[in-house]
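One structure is given here, and the rest of the page talks about it.
The values are calculated or read from the model by the stated rules, or taken from the named source; none is laboratory data. The structure presented is a predicted model; accordingly, all values stated were derived computationally and were not measured. Here the Cβ positions follow ideal geometry from the backbone for every residue, glycine too, while neighbour counts run over all protein chains shown. Surface accessibility is based on the protein's heavy atoms, side chains included, excluding ligands, DNA and RNA. Shrake-Rupley method; radii C 1.70, N 1.55, O 1.52, S 1.80 Å.
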Amino acid sequence: MSRPRCVLAYSGGLDTSVAIRWLQEQLGYDVVTLTADLGETPDMESVTSRALATGARSAHVVNARRVFVDHFCFPTLAAGALYQNVYPLATALARPLIAKLLVDVAREEGAVAVAHGCTGKGNDQVRFDVAVGALAPELQVVAPVRDWDMGRPQEIEYARQHGVEVPVTTESPYSVDANLWGRSVECGVLEDPWAAPPPDVYAWTAAAAEAPGPVDVEITFEHGVPVALRGEALEPDALVTELNALAGAHGVGRIDHVEDRLVGIKSREVYEAPAATVLHAAHAALESLTLTRDVLRFKQRVAGEWAHLVYDGLWFGALRTALHEFVNATQEVVSGDVRIRLNRGTATISGRRAPQSLYQPQLATYDRVSDMFDHSAARGFIELFGLPLRTQTRVQGALHDAVPLQVPKVVRRRDAS
Ligand code: ARG
């Protein structure tokens, strides 16, 4: 009798390797692995060999780089969404995509379950479980690492007993997740929020003090999507890869954050996201030129919502697709170029231009001759704009806290002689 099948999201690390055996031994599954290439798995060949050597009946690898950038990263960029105003959501964005790939392979392979290697303490377990539930409620979701009662030493022992090869690489003191959109690091000394991140936390970014001097980079957007770097048109994933290298070399994109996890705890995270940092700054600069004041203001609220629901694993929910429609509608006019200076850890906008810019020199100028702004209309505008406050004071008196403001008496006074 054939055993029920389970598709495991497989990274090639110790946890998911042990999980292959554990799913077989403890739950009686036939295990198929899925590894998503999101730009940061160095050697897919050895990952698949390892899956097969550990006992998987087949090992799938999917190059999902383009789809990741097109359908997850760039829409989130267009939304302007940063969790708690700083985290570009690299890890959070990858989860729904991997969940989708798991579901696809499960259907292809006639599997009854999917599995992932998340622990019971993080956000990622929630994201996987919720996303799989949204896409295929009929599938079981198994989380071996959450369910087994093993610490690191027991896990290594289990691996030895079950013939799972333990990677000989010296173990990183951190827990790291990386994809094209960024690198997330936690654990080890970082658990003390007062401890400065040691240099070995960083892999993509130079220390500001060691970074080379300034360089200007031009980024071109079409309808809110980055399409060219320094005038050279690039495919989305190539653009992100190149900008990661460039901005990272200049020390741009380090983020040290105490963040609120979905499961109710605060945790200290260090991120490296050079491309995402630069692109968010550049995109916002272009929007400041092309979007109306009220769209900009409302869109900030959408950005906050978007960030939260991505972080919380609700990518496949109705709210995200509805917000997506709104964001898309705003991006029609967001085309143009932005110049940004990378200099020892900073990325500073130094210029922006757009065919449909709302910035009108003849309205903005202080030059009397070319000025088209009607100064005399200001008087009437202010008369009506200030009317509610004058009415308030006349009828209700000045606000109580305006009166006792302790302002020093005139310090020095001279009268005309
Ligand atoms: N805290 C981030 C998030 O929830 C990153 C988690 C990264 N995972 C890891 N194994 N380091 O999106």
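Could you pull out the residue among ARG254, ARG261, ARG230, ARG268 that is open to solvent by 70 Å² or more (accessible area, probe 1.4 Å) and within 16 Å of the ligand (Cβ to nearest atom)?
Just one listed residue meets the conditions, ARG254.
Give the residues of region 177-190 that are farther than 17 Å from VAL86 by Cβ and more than 10 Å from the ligand (Cβ to nearest atom), sorted by residue number.
Correct list: ASN179, LEU180, GLY188, VAL189.
Do we have ALA115 as away from the ligand (no atom under 12 Å from the Cβ), of a type in the set (Gly, Ala, Ser), closer than 15 Å to TYR10 by Cβ and open to solvent by 10 Å² or more (accessible area, probe 1.4 Å) here?
no
Taking the conditions exactly as written (surrounded by 23 or more Cβ atoms within 10 Å (Cβ to Cβ) and either within 16 Å of the ligand (Cβ to nearest atom) or within 18 Å of GLY253 (Cβ to Cβ) (or both)), does ALA99 satisfy them or not?
yes
Looking only at residues in region 133-156 that are out of contact with any Gly (no Cβ under 8 Å at 6 or more places or on another chain) and closer than 23 Å to THR48 by Cα, which one is nearest to the ligand (Cβ to nearest atom)?
Of everything passing the filter in region 133-156, GLU155 is nearest to the ligand (Cβ to nearest atom).
For the subset of region 374-417 comprising residues that are in a loop (DSSP other than H, G, I, E, B) and under 30 Å from PRO361 (Cα atoms), which member is least open to solvent (accessible area, probe 1.4 Å)?
My answer is GLY386.
With respect to the numbered conditions (1) modelled with pLDDT of 95 or more; (2) within 16 Å of the ligand (Cβ to nearest atom); (3) of a type in the set (Gly, Ala, Ser); (4) surrounded by fewer than 19 Cβ atoms within 10 Å (Cβ to Cβ), which one is the sole condition not fulfilled by ALA94?
So ALA94 meets the others, but not (4).
Does PRO193 fit the bill of being within 16 Å of the ligand (Cβ to nearest atom), more than 19 Å from the chain's Cα centre (by Cα), closer than 27 Å to HIS308 by Cα and open to solvent by less than 70 Å² (accessible area, probe 1.4 Å)?
For PRO193, the condition - within 16 Å of the ligand (Cβ to nearest atom), more than 19 Å from the chain's Cα centre (by Cα), closer than 27 Å to HIS308 by Cα and open to solvent by less than 70 Å² (accessible area, probe 1.4 Å) - is not met.
What is the residue count in region 333-373 for residues that are within 30 Å of ALA211 (Cα to Cα), over 23 Å from the mean Cα position of the chain (by Cα) and in a loop (DSSP other than H, G, I, E, B)?
Residues flagged as within 30 Å of ALA211 (Cα to Cα), over 23 Å from the mean Cα position of the chain (by Cα) and in a loop (DSSP other than H, G, I, E, B) within region 333-373 amount to 0.
Please state which of the following conditions SER172 fails to meet, knowing it meets all the rest: (1) within 16 Å of the ligand (Cβ to nearest atom); (2) surrounded by 14 or more Cβ atoms within 10 Å (Cβ to Cβ); (3) among the hydroxyl-bearing types (Ser, Thr, Tyr).
(2)
For region 271-287, which residues satisfy the criterion of being of a type in the set (A, V, I, L, M) and away from the ligand (no atom under 16 Å from the Cβ)?
Hits for region 271-287 are ALA275, VAL278, LEU279, ALA281, ALA282, ALA284, ALA285, LEU286.
For region 34-42, does any single residue satisfy the condition of being modelled with pLDDT under 95 and either more than 17 Å from the chain's Cα centre (by Cα) or open to solvent by less than 10 Å² (accessible area, probe 1.4 Å) (or both)?
Yes - at least one qualifying residue is present in region 34-42.
In the list THR241, THR220, which residue meets the criterion of being within 18 Å of SER350 (Cβ to Cβ), touching a residue at least 24 places away in the same chain (Cβ under 8 Å) and surrounded by 15 or more Cβ atoms within 10 Å (Cβ to Cβ)?
Exactly one residue qualifies, and that residue is THR220.
Please enumerate the residues belonging to region 119-135 that are open to solvent by less than 30 Å² (accessible area, probe 1.4 Å) and more than 20 Å from PHE68 (Cα to Cα).
Matches in region 119-135: GLY122 only.
Among the residues of region 127-157, which ones are under 23 Å from GLN26 (Cα atoms) and among the hydrophobic types (A, V, I, L, M, F, W, C)?
Once the filter is applied, which keeps residues that are under 23 Å from GLN26 (Cα atoms) and among the hydrophobic types (A, V, I, L, M, F, W, C), region 127-157 yields PHE128, VAL132, LEU139, VAL141, VAL142, ALA143, VAL145, TRP148, MET150, ILE156.
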